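Here's the structure we're looking at; comments come further down.
Just so it is clear, none of the values below were taken in a lab; they were calculated from the coordinates. Please read these numbers as outputs of a predicted model, since none were measured by experiment. Note: ideal-geometry Cβ built from the backbone for every residue, glycine included; neighbour counts use all protein chains shown.
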């Protein structure tokens, strides 16, 4: 498969370990790389006891979220799944800074329907699929949706031979992740899954 756009130098510089970015929409790939750099900056700032300015957060939010909102991608495609996953991921981060969280029902429904494609789940790289499904699972509070998501997540974890939260955390952190925003919810989600899987 040939790359869909000549972005190899950019991707190698920003996300050298995520070659799937060569095969998705150009603007979507750029948005992913910006958020990857943002997550890295947050981690470094936290280690150094620093805090990003409100202006910096607003600049990133406008450069990424507005771009994602105005993209027109094929419904049910991997590109659309990544776009929706990034929107939910970004909403969680920036709403945390606002001091509140809000569930966007239409966004969650669209994301669930996009991930509902068994063809998409089967053909997507497992590590990327773990990130997509995890973002969906920790953002959806409806029990019916959780019941639908969890078997797919468990299947994908087994494909990647991930058996503990630490293993899962390593995979998620290699993509896009901010510990203090997502760890508590994700660990609460994964621990029962691993307990059930390891005891069966």
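Label-to-label distance for residue 23 and residue 37 is 2.5 nm, based on points extended 7 Å past Cα in the beta-carbon direction.
Using r as the Cβ-Cβ distance of residue 113 and residue 164, and R0 as 35 Å, what FRET efficiency do you calculate, to the nearest 0.05?
Numbers: r = 31 Å, r/R0 = 0.88.
Taking R0 as 35 Å, the efficiency between residue 113 and residue 164 is 0.70.
In a fully extended conformation the segment linking residue 179 and residue 56 would gain 42.3 nm over its present Cα-Cα distance, using 0.36 nm per residue.
Does a label point 7 Å from the Cα of residue 106, set along Cα-to-beta-carbon, have any residues of region 53-78 with amide nitrogen under 18 Å, and which are they? Answer for this model: 65-76. A simple spin-label model places the labels of residue 63 and residue 44 1.4 nm from each other, with each point 7 Å out along Cα-to-Cβ.
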